[in-house]
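Comments concern the structure below.
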Amino acid sequence: MIKVVDLYKSFGSLEVLKGINNEIRKGEVVCVIGPSGSGKSTFLRCLNLLEEPTSGEVYIDGVSLTEHKKDINKLRQKVGMVFQQFNLFPHMTVMENITLAPVKLKGMSKEQAMEKAVALLRKVGLTDKDNEYPNKLSGGQKQRVAIARALAMDPEVMLFDEPTSALDPEMVGEVLNVMKQLANDGMTMVVVTHEMGFAREVGDRILFMDEGIIAEENTPEELFSNPKNERTQSFLSKVL
Amino acid sequence: MTEIMNIIIELSDEIYFNLIKEERYMAFVKGLGLSLQLTLFAAVIGGIIGLFIALARLTHNKTLNYIATKYIDIIRGTPVVVQLLIIYFAVFSSTSLPRTTVASIAFGINSGAYVAELIRAGIQAVDKGQMEAARSLGLSYSQAMYYIIIPQAIKNILPGMGNEVITLWKETAIAGFIGLDDLMRAADVVRGRTFSNYTPYLVIAIIYFYITVLMTMMLGKLERRMRKSD
């Protein structure tokens, strides 16, 4: 589904990613954990070319992103993304937020797109907010709308960039539940998260990143109960 | 008593000679019309130029970037009167374009540089995450600009734009330099006939002022309406 080969990324003289290799298979839920500044988010953002790799390749369904920059808009339609800061469009209603891309990019009619949006909103547990503007919603509601917005493009994979880090504690659960449900439906997901409980419960595989490399990867059971790498051990002892 | 009487007589004389006799108020009315027309056209031209220059400054294309930056530097670094005269005598001297058009273009080119900076700042003030969210959905750069960024930027830009139009309105007072009969020129012409010390200038000062007040009021209304959708 997604294949990452020798991925390097520098911002000026700061080297953030120092050679990442990995493959994310269809239907898999991969959680990326690690200390701040370890390059988790940068790695995730390279997967849909929001950050351009300094070198290396990212393949989606066998198509290299860096070699097909002209088709990037088409390729991005396959990859949904949810941000830490939600990034809903504040000048549009919830309904407009969700229907914009399907109507403009997939040639869907307004009615079709709205029907779909209603179904997606039901799925994320928001049924009566269609005509609200984002600033009338709570953080948890915003993030669930953001998930619905990304799903409206029928992506093959969803990227989550610390989706609960900007939320008040009591709202974290509602967003994680939606993500759990999504994982149960078989969505391929890459989740950068600090929610160790979620990673352990939902993840099929955990990547532990530190200083720009994947220091350790394993199943959640193994990685959390029996970390092999020293840095994983020290990180887990601090957060668990 | 006689002092006050004298002042009143003098004042009514001034008004009579500068405004009423030989229908001289018509000079002011016509001048006002022309000045307003210049402001309107220049604002439209300046708005269009400003938008393109702002977008050129925001792209990563080095050539476009360079041209836009130089344009802004040159326009902001030279007096508008000089620009008007150069454009009139050098650039458009061989064309048969009406002077009003040439002046509108000249003021528009000038205003465009300032508008460009307003628009650029307004666009850059929109949160970076908005562009990323739009692009992550698969929207192209221009689609993201059109549907997501510019609608939000307009709210940031509007107050500055209002100021720019007001500035433009007063700057048109130099249109007389290329022989246009604007409001400023109307005062000169009337003064040439009546030999009044300053009454014609007082008249146009009042007109300039009240048009500005009117513009400020309309702008305030527009801003309040925009804020309602927040």
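The values are calculated or read from the model by the stated rules, or taken from the named source; none is laboratory data. The structure displayed is predicted, hence computed values, not measured ones. Neighbour counts are summed over all protein chains in view; Cβ atoms, including those assigned to glycine, are modelled from backbone coordinates with ideal geometry. Protein only, heavy atoms only, side chains kept; ligands, DNA and RNA dropped before computing areas. Shrake-Rupley method; radii C 1.70, N 1.55, O 1.52, S 1.80 Å.
The number of residues in segment A:185-222 being among the polar types (S, T, N, Q) and either touching a helix residue (DSSP H, G or I) at 6+ places or on another chain (Cβ under 7 Å) or open to solvent by less than 20 Å² (accessible area, probe 1.4 Å) (or both) comes to 2. Any residue at all in segment B:159-170 that is within 25 Å of A:TYR133 (Cβ to Cβ), crowded, with 19+ Cβ neighbours inside 10 Å and more than 14 Å from every other protein chain (Cβ to nearest Cβ)? Checked against the condition, which is being within 25 Å of A:TYR133 (Cβ to Cβ), crowded, with 19+ Cβ neighbours inside 10 Å and more than 14 Å from every other protein chain (Cβ to nearest Cβ), segment B:159-170 yields at least one hit. Tell me, which residue of segment A:157-184 that is over 16 Å from the mean Cα position of the chain (by Cα) and of a type in the set (Asp, Glu) is surrounded by the most Cβ atoms within 10 Å (Cβ to Cβ)? Among them, the one singled out is A:GLU174. Screening the candidates A:VAL124, A:VAL16, A:VAL29 for the property of being out of contact with any strand residue (DSSP E or B) (no Cβ under 9 Å at 6 or more places or on another chain) and more than 14 Å from chain B (Cβ to nearest Cβ) yields one hit, A:VAL124.
Taken over segment A:114-138, residues that are surrounded by 13 or more Cβ atoms within 10 Å (Cβ to Cβ), assigned to a helix (DSSP H, G or I) and of a type in the set (Gly, Ala, Ser) amount to 1. Taken over segment B:137-152, the criterion of being in contact (Cβ under 8 Å) with a residue 24 or more places away in the chain and at the interface with chain A (Cβ under 7 Å from one of its Cβ atoms) is satisfied by B:GLN152 alone. Residues in segment A:1-26 that are touching a residue at least 60 places away in the same chain (Cβ under 8 Å), in contact with a Gly (Cβ under 9 Å, 6 or more places away or on another chain), under 25 Å from A:ALA183 (Cα atoms) and open to solvent by 30 Å² or more (accessible area, probe 1.4 Å): A:MET1, A:ASN21, A:LYS26. Figure legend. Inter-residue proximity from segment A:192-204: first residues closer than 8 Å to A:PRO220 by Cα, second residues assigned to a loop (DSSP other than H, G, I, E, B) and not hydrophobic (A, V, I, L, M, F, W, C), beta-carbon distance below 7 Å, spacing 6+ or different chains. Indicated pairs: A:ALA199/A:THR193; A:ASP204/A:GLU28.
Here are some residues: A:PRO227, A:PRO220. Which one is free of Cβ contacts under 8 Å to residues at least 40 places away in the same chain and either of a type in the set (Ser, Thr, Tyr) or within 29 Å of A:TYR8 (Cα to Cα) (or both)? The match here is A:PRO227. For B:THR101, the criteria (1) farther than 30 Å from A:ILE98 by Cβ; (2) in a helix (DSSP H, G or I); (3) in contact with a helix residue (DSSP H, G or I) (Cβ under 7 Å, 6 or more places away or on another chain) hold in every case but one, which is (3).
Could you check, for segment B:188-208, whether at least one of its residues is under 27 Å from B:THR101 (Cα atoms), more than 10 Å from chain A (Cβ to nearest Cβ), charged (D, E, K, R) and crowded, with 19+ Cβ neighbours inside 10 Å? No: segment B:188-208 contains no residue that is under 27 Å from B:THR101 (Cα atoms), more than 10 Å from chain A (Cβ to nearest Cβ), charged (D, E, K, R) and crowded, with 19+ Cβ neighbours inside 10 Å. Does A:ARG76 satisfy the criteria of being among the charged types (D, E, K, R), at the interface with chain B (Cβ under 9 Å from one of its Cβ atoms), in contact (Cβ under 8 Å) with a residue 40 or more places away in the chain and buried (at least 20 other Cβ atoms within 10 Å of the Cβ)? For A:ARG76, the condition - among the charged types (D, E, K, R), at the interface with chain B (Cβ under 9 Å from one of its Cβ atoms), in contact (Cβ under 8 Å) with a residue 40 or more places away in the chain and buried (at least 20 other Cβ atoms within 10 Å of the Cβ) - is not met.
Conditions (1) more than 18 Å from the chain's Cα centre (by Cα); (2) surrounded by 15 or more Cβ atoms within 10 Å (Cβ to Cβ), marked per residue:
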| residue | (1), (2) |
| --- | --- |
| B:VAL126 | yes, yes |
| B:GLY138 | yes, yes |
| B:ASN156 | yes, yes |
| B:GLY179 | yes, no |
| B:ASP182 | no, yes |
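Return the only residue of B:ALA90, B:ALA42 being closer than 16 Å to B:SER111 by Cβ and open to solvent by less than 80 Å² (accessible area, probe 1.4 Å).
Values: B:ALA90 fails: closer than 16 Å to B:SER111 by Cβ.
Among B:ALA90, B:ALA42, only B:ALA42 is closer than 16 Å to B:SER111 by Cβ and open to solvent by less than 80 Å² (accessible area, probe 1.4 Å).
Give segment A:80-113 a look and list any residue that's in a loop (DSSP other than H, G, I, E, B) and more than 10 Å from chain B (Cβ to nearest Cβ), or say none.
Our first condition is that a residue be in a loop (DSSP other than H, G, I, E, B); within segment A:80-113, this holds for A:83-93, A:106-109.
The answer is A:THR93, A:GLY107, A:MET108, A:SER109.
Every listed requirement among (1) at pLDDT 95 or above; (2) farther than 20 Å from A:LEU50 by Cα is met by A:GLY80 save one, (2).
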